[in-house]
Amino acid sequence: MDFTHFTLKQDGRFAGSSAVLHQAVIAAARLAAETGKPVTVMAHVRGGGTRKAVFNPDGTNDKIWNIDKGRPLTPTVGQVYVNRGGGRYLCRALVTDHGTQYFNAAGCSSSTTALFQNVKSGWTFTAKGVIQYVDGTIEWDHSSDGCFKEVEDE
């Protein structure tokens with residue numbers, strides 16, 4: 001998708017604009033955190049139309065795939081990542097890749113498979129098709145082999 005520019009709105013009012021996706025997303029996330037209110041980023045499509053994503057004060061986002069399809073991510077073992085819903089996940093291990101490609105809603109494909117653990121609950125699972133968005137949040141196509149395990153120090 002080819003975007004011409006990005007407009008930020010909060011409470012239905014203009015809050016800023018940028019021609020660069022990364023700048024718009026960082027500004028929206030920062031403004032939401034500072035004001036305690038969600039910020040909408042409207043992506044203006046070349047040829048007409050818009051797509052939107054919402055950035056919330058708690059650092060979560062809604063429908064970022066409307067404006068950023070993401071990139072395949074090979075996570076670093078031992079690093080904690082935040083998913084779009086705000087959950088924090090520790091990468092425990094990379095899993096051998098067998099070449100299967102997984103796709104997100106925006107069409108990004110990834111063959112990355114990794115073992116993650118939710119640092120709060122201990123839910124541990126194999127995430128398949130791991131991607132990362134421009135705001136640093138991650139997502140995966142689906143998971144398997146989930147179970148609760150004791151949470152160790154990060």
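Things to note:
- Answer from 90, 94, 8 - the residue that is open to solvent by less than 70 Å² (accessible area, probe 1.4 Å), out of contact with any helix residue (DSSP H, G or I) (no Cβ under 8 Å at 6 or more places or on another chain) and either in contact (Cβ under 8 Å) with a residue 12 or more places away in the chain or among the hydroxyl-bearing types (Ser, Thr, Tyr) (or both): 90
- Region 56-87, subset within 18 Å of residue 22 (Cβ to Cβ) and among the small types (Gly, Ala, Ser), residue surrounded by the fewest Cβ atoms within 10 Å (Cβ to Cβ): 59
- Scan of region 63-120 for residues that are under 30 Å from residue 44 (Cα atoms), of a type outside the set (Val, Ile, Thr) and not in a loop (DSSP other than H, G, I, E, B), ordered by number: 65, 66, 71, 72, 81, 83, 102, 103, 109, 110
- Residues being surrounded by 14 or more Cβ atoms within 10 Å (Cβ to Cβ), over 19 Å from residue 106 (Cα atoms) and free of Cβ contacts under 8 Å to residues at least 40 places away in the same chain are entirely absent from region 41-55.
- In region 98-145, residue nearest to residue 21 (Cα to Cα) [restricted to those that are free of Cβ contacts under 8 Å to residues at least 24 places away in the same chain and exposed (fewer than 12 other Cβ atoms within 10 Å of the Cβ)]: 99
Matching residues to (1) over 11 Å from the mean Cα position of the chain (by Cα); (2) on the phi > 0 side of the Ramachandran plot; (3) hydroxyl-bearing (Ser, Thr, Tyr); (4) at pLDDT 95 or above:
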| position | (1), (2), (3), (4) |
| --- | --- |
| 66 | yes, no, no, no |
| 77 | yes, no, no, yes |
| 97 | yes, no, no, no |
| 136 | no, yes, no, no |
| 153 | yes, no, no, no |
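The values are calculated or read from the model by the stated rules, or taken from the named source; none is laboratory data. Treat the numbers as computed from the prediction; the structure is a model and nothing was measured. Cβ atoms come from the backbone with ideal geometry, glycine included; neighbour counts cover every protein chain shown. With ligands, DNA and RNA removed, areas are computed over all heavy atoms of the protein, side chains included. Shrake-Rupley method; radii C 1.70, N 1.55, O 1.52, S 1.80 Å.
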